[in-house]
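I have placed the structure first, in the form of structure tokens, so that the comments after it can refer back to it.
The values are calculated or read from the model by the stated rules, or taken from the named source; none is laboratory data. The structure displayed is predicted, hence computed values, not measured ones. Cβ: placed from backbone, ideal geometry, glycine included. Neighbour counts: every protein chain shown.
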Amino acid sequence: MTAAAATPALGRWGSGRLRRPVVLGSLGVVLLGAVLAALPLGMGALIVGRACQGMGLAVAPLTLAVARDVWTGERLVSRLSLLSIATVAGAGLGYPFTGFVAQHAGIGGAYGLGAVLVAASLVLAARFLPRQADGVPQRVDVVSVVLVAAGMVAVLLAVSQGEAWGWLSPLVAALVGGGVALLLTWVARTRRISRAGGQPLVDLRLAARPGVLGPNAVAFALAIGMYGLLTVVVLLVRGDGSAGWGLGRGATAAGLVLVPYAVLSVTGSRIALRVARRFGAHLLLPIGSTVFASSMVLLALRHDSLTQALVAMAVGGIGSGFTFSSLPGLIVPHVPAAETGSAMSFNQLLRYLGFSVGSAASVALLDVYGGHEAAFRATTLTMAAICFLAGLGVAIGGRRAVDPL
């Protein structure tokens, strides 16, 4: 929720000469959060610490703007690919790694290790981030920050807690209705500021232009699929088989099944670069979406052993790496340099929304479909269809919109 609230604001603040202090300051907040979470100070400090750590997700898109300042040509494309895929690979490796540390050193030990990693990142950023960035410091529309933050938090809270509170409960309905109303108000305010020649929090005209709309739509759809896949495969590995599906393995196996996903996501990013050079960038999103969808089809058809789950996750890693690594390279050429941070922050915001929707929707669909083995197949196939249709939509949109890469 912190990431969803902070991402648009940091994207705007960090688009000009304030990029370096915004990145360093945000990493400092993340470090503080890791330390608070590591110390035995009670639930309140843990919640505050977790909220501070959310700033790390919000600052990630600014690294893409830094890359655009430093590199050009093929090297820029390669760096954008690696930076984008880092979050995907990190998610896949983070679960088993931190789970292992927590098992042997406790929760405080896991957060303590996180504090060490963030401190090292902060030192490296202070050492290597460019001290000069083009552009003047940009004004941030604080009212829009409040609207989009409150709206996103309300919707994400409803999505993440809907299973526990009841999808048709008055509280969930109020949160969804209120959140959507706030976001629509923000959209109307953004359009009014744009028509008046001002600088909105996010330039929605850029987000909807050819070459940017498609990657944004795929980012949202693949984020739903990614966290949907991560959720159902963990449920599969941990399930005791009483519902007709489940492998009955422990927490260690549930963490290790994510490793092929993380490792192969890097491979997928490298394959994407070669495909773009040889056949054109217009093929990247359709191919990546189809490969990712096929991983869920494999899991739906074959899920009787851990090996089958590992194969499906490996295929999913290739598709996810292929797609997510391509998004910055497809978006950046279509936006002005001064808007890179803001444009990528909006794309990242769609990912966060998709992550929450995917993790919650996968559990909800299992329940709606009945919970048995046929429900498991129907859930994974539904997620696969969402990803495949997103790629198909981009393919139908044509080659012209993504060729600048």
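Going through region 307-335 one residue at a time, which ones are in a helix (DSSP H, G or I), touching a residue at least 12 places away in the same chain (Cβ under 8 Å) and more than 17 Å from the chain's Cα centre (by Cα)? Result: Ala309, Leu310, Val311, Ala312, Met313, Ala314, Val315, Val332, Pro333, His334.
In the set (1) more than 22 Å from Leu24 (Cβ to Cβ); (2) surrounded by 15 or more Cβ atoms within 10 Å (Cβ to Cβ); (3) not basic (Lys, Arg), the condition left unmet by Ala164 is number (2). When each of Leu389, Leu365 is tested for being modelled with pLDDT of 80 or more, surrounded by fewer than 18 Cβ atoms within 10 Å (Cβ to Cβ) and over 25 Å from Pro200 (Cβ atoms), the lone residue that passes is Leu389.
If only residues of region 136-147 that are part of a helix (DSSP H, G or I) and not hydroxyl-bearing (Ser, Thr, Tyr) are counted, the one that is surrounded by the most Cβ atoms within 10 Å (Cβ to Cβ) is Leu147.
Does region 220-255 hold any residues that are β-branched (Val, Ile, Thr) and in contact (Cβ under 8 Å) with a residue 40 or more places away in the chain, and which are they?
So in region 220-255, the residues β-branched (Val, Ile, Thr) come out as 224, 231-234, 237, 252.
Hits for region 220-255 are Ile224, Thr231, Val232, Val233, Val237, Thr252.
Residue count for region 208-221, restricted to those that are in contact with a Cys (Cβ under 7 Å, 6 or more places away or on another chain) and either more than 18 Å from Ile318 (Cα to Cα) or not in a helix (DSSP H, G or I) (or both): 0.
Considering only region 1-88, give the helices (runs of 4 or more DSSP H) lying wholly within it that have at least 1 residues that are over 27 Å from Ala219 (Cα atoms).
On the way: elements: 2-13, 19-38, 43-70.
In region 1-88, the matching helices (runs of 4 or more DSSP H) lie at 19-38, 43-70.
Summed over region 166-207, the residues that are in a helix (DSSP H, G or I) and more than 16 Å from Ser356 (Cα to Cα) give a count of 25.
Looking at region 222-306, the helices (runs of 4 or more DSSP H) lying wholly inside it that each contain 3 or more residues that are modelled with pLDDT of 90 or more and either surrounded by fewer than 19 Cβ atoms within 10 Å (Cβ to Cβ) or of a type outside the set (Phe, Trp, Tyr) (or both) sit at 259-279, 284-301. Report whether or not Ala86 is among the hydrophobic types (A, V, I, L, M, F, W, C) and either more than 18 Å from Ile107 (Cβ to Cβ) or surrounded by fewer than 19 Cβ atoms within 10 Å (Cβ to Cβ) (or both). So Ala86 passes the test. Being within 24 Å of Thr63 (Cβ to Cβ) and surrounded by 16 or more Cβ atoms within 10 Å (Cβ to Cβ) narrows it down to one of Ala150, Ala115, Ala158, so name that one. None of the other options fit; the residue is Ala115.
Contact annotation: residue pairs with Cβ atoms under 8 Å, 6 or more positions apart or on different chains, pairing a residue in region 284-300 that is farther than 22 Å from Ser81 by Cα with a partner that is surrounded by 24 or more Cβ atoms within 10 Å (Cβ to Cβ) and of a type in the set (Phe, Trp, Tyr), are Ala300/Phe376. Listed residues Ala86, Ala105, Ala65; which is under 19 Å from the mean Cα position of the chain (by Cα) and free of Cβ contacts under 8 Å to residues at least 40 places away in the same chain? After ruling out the rest, the residue left standing is Ala86. Collect the residues in region 289-317 that are β-branched (Val, Ile, Thr), touching a Leu at 6+ places or on another chain (Cβ under 9 Å) and closer than 16 Å to Val259 by Cα, keeping them in residue-number order. Those that are β-branched (Val, Ile, Thr), touching a Leu at 6+ places or on another chain (Cβ under 9 Å) and closer than 16 Å to Val259 by Cα: Val311, Val315.
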